[in-house]
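The values are calculated or read from the model by the stated rules, or taken from the named source; none is laboratory data. Computed from a predicted structure; not experimentally measured. Every residue, glycine as well, gets a Cβ built from its backbone with ideal geometry; the counts of neighbours run over all protein chains shown.
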Ligand code: SF4
Ligand SMILES: [Zn+2]
Ligand SMILES: [Zn+2]
């Protein structure tokens, strides 16, 4: 079968949702077009702005980083070393190898160094799930590192499947607040918050993986051992079942939601929320203490006690407020 | 044909030639959720895999809350 665009080369991938099938070269052009379209439509960033790219070492984030640098954007990667055994070791190694091969700057933020423990320790001491601890720490780190180093925006590799699955989850539980905030581009709604954008939201997870394979990107195929979060996988499976029977369902579900968001009154109300500064670390929060400081206080407390802390086992606010930033510039 | 699978890593053998679509059907996999790779190139569902071919079936769907961060607000 020949490519439906150039009618010359053999088909590398079928795209039933677009009623087409493309060769490797035409697929590459399609991916770049979709990403450029996402960036332009949401005014995510310009070519003269530095962009911080959150890179885990998986297909989505390395694919995103590869795309942005090819498209002429100024990118710096930031990788959070989560301390989850062999998985995190491989993730960091592949991320570093990619940065080195492309000559791109990379910041590695090591949770063990910053907090004296990785995701598992933070989750255990705070009695939260690993993913909830991991997500909180990462969002905090991306924003703080980005702001302190002068990046106006951080980009993550979330794809159409991620966003559609999240929308389904939010609808099934009628999380109206979350619906309002679900956007491929969150504005800097506070002086201390940088923009958060998802340039891959128009591409399916399979398309992003195909891009990574065709570009010969060496990414981590193994899953994080904590990822048995049944919900997200179930939502994705359900959506892919529907997509299989009726191609285009996923994109219609999510892209139509974005189009109708203002009509259904679920548009971002970020401006309406009054943000305070966290009493400990000064980062923006709706409460008195930010979610990050509440999360890591028990671990900080453990360290204080174990190291013969003079604080009667109470967390010393200074531990949290003076998080050292061991920024490691590679390449 | 030899089939390399992930999660968990394992190898299977199926008699070829067989169409990719049928191989995925045998393994109860939706074509939307995997990539089929032969010699560093992608193989579409319509193609035939010969008996002496080796293919990799690579899952593309990641789970975990890293794909669904519970974001109520992007402030902490
Ligand atoms: S699966 Fe959970 S713990 Fe693992 S990287 Fe994703 S969010 Fe973090
Ligand atoms: Zn073509
Ligand atoms: Zn704080």
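Brief remarks follow.
- Filtered residues of segment A:106-126 (kept if out of contact with any helix residue (DSSP H, G or I) (no Cβ under 7 Å at 6 or more places or on another chain) and touching a residue at least 40 places away in the same chain (Cβ under 8 Å)): A:110, A:113, A:114
- Within segment A:127-141, considering residues that are touching a residue at least 12 places away in the same chain (Cβ under 8 Å) and under 21 Å from residue A:219 (Cα atoms), the one farthest from ligand 1 (Cβ to nearest atom): A:138
- Of the listed requirements (1) modelled with pLDDT of 95 or more; (2) surrounded by fewer than 13 Cβ atoms within 10 Å (Cβ to Cβ); (3) part of a loop (DSSP other than H, G, I, E, B), residue B:7 misses just one: (1).
- Qualifying residue in segment B:18-27 (condition: modelled with pLDDT of 95 or more and within 7 Å of another protein chain (Cβ to nearest Cβ)): no
- Residue A:269 vs. criteria more than 16 Å from ligand 2 (Cβ to nearest atom), within 14 Å of chain B (Cβ to nearest Cβ), at pLDDT below 80 and surrounded by fewer than 18 Cβ atoms within 10 Å (Cβ to Cβ): yes
- The set of residues in segment A:281-293 being within 11 Å of ligand 3 (Cβ to nearest atom), without any contact (Cβ under 8 Å) to a residue 60 or more places away in the chain and over 21 Å from the mean Cα position of the chain (by Cα) consists of A:281, A:287, A:288, A:289.
- Residue list for segment A:209-249, restricted to those being more than 18 Å from the chain's Cα centre (by Cα), at the interface with chain B (Cβ under 10 Å from one of its Cβ atoms) and within 15 Å of residue A:59 (Cβ to Cβ): A:210, A:213, A:214, A:216
- Residue A:133 within 16 Å of ligand 3 (Cβ to nearest atom), more than 9 Å from chain B (Cβ to nearest Cβ), over 16 Å from residue A:283 (Cα atoms) and more than 12 Å from the chain's Cα centre (by Cα): yes
- Residue in segment A:57-68 that is farther than 22 Å from residue B:60 by Cβ, within 16 Å of ligand 1 (Cβ to nearest atom) and touching a helix residue (DSSP H, G or I) at 6+ places or on another chain (Cβ under 6 Å) present: no
- Residue in segment A:42-53 that is under 18 Å from residue A:200 (Cβ atoms) and either within 12 Å of chain B (Cβ to nearest Cβ) or without any contact (Cβ under 8 Å) to a residue 24 or more places away in the chain (or both) present: no
- Among (1) farther than 19 Å from residue A:195 by Cβ; (2) crowded, with 22+ Cβ neighbours inside 10 Å; (3) away from ligand 3 (no atom under 16 Å from the Cβ), the one test that residue A:115 misses: (3)
- Scan of segment A:2-26 for residues that are more than 11 Å from ligand 2 (Cβ to nearest atom) and within 13 Å of another protein chain (Cβ to nearest Cβ), ordered by number: A:14, A:15, A:16, A:17
- Residues that are closer than 23 Å to residue A:116 by Cβ, surrounded by 20 or more Cβ atoms within 10 Å (Cβ to Cβ) and out of contact with any strand residue (DSSP E or B) (no Cβ under 7 Å at 6 or more places or on another chain) within segment A:84-100 comprise just one, A:91.
- Segment A:27-50, residues that are near ligand 2 (Cβ under 9 Å from one of its atoms) and in contact with a strand residue (DSSP E or B) (Cβ under 7 Å, 6 or more places away or on another chain): A:27
- Applying the condition of being more than 12 Å from chain B (Cβ to nearest Cβ) and not in a strand (DSSP E or B) to segment A:147-167 and asking which residue is nearest to residue A:45 (Cα to Cα) yields A:152.
- Selection count where residues are in contact (Cβ under 8 Å) with a residue 60 or more places away in the chain and assigned to a helix (DSSP H, G or I), scope segment A:173-205: 5
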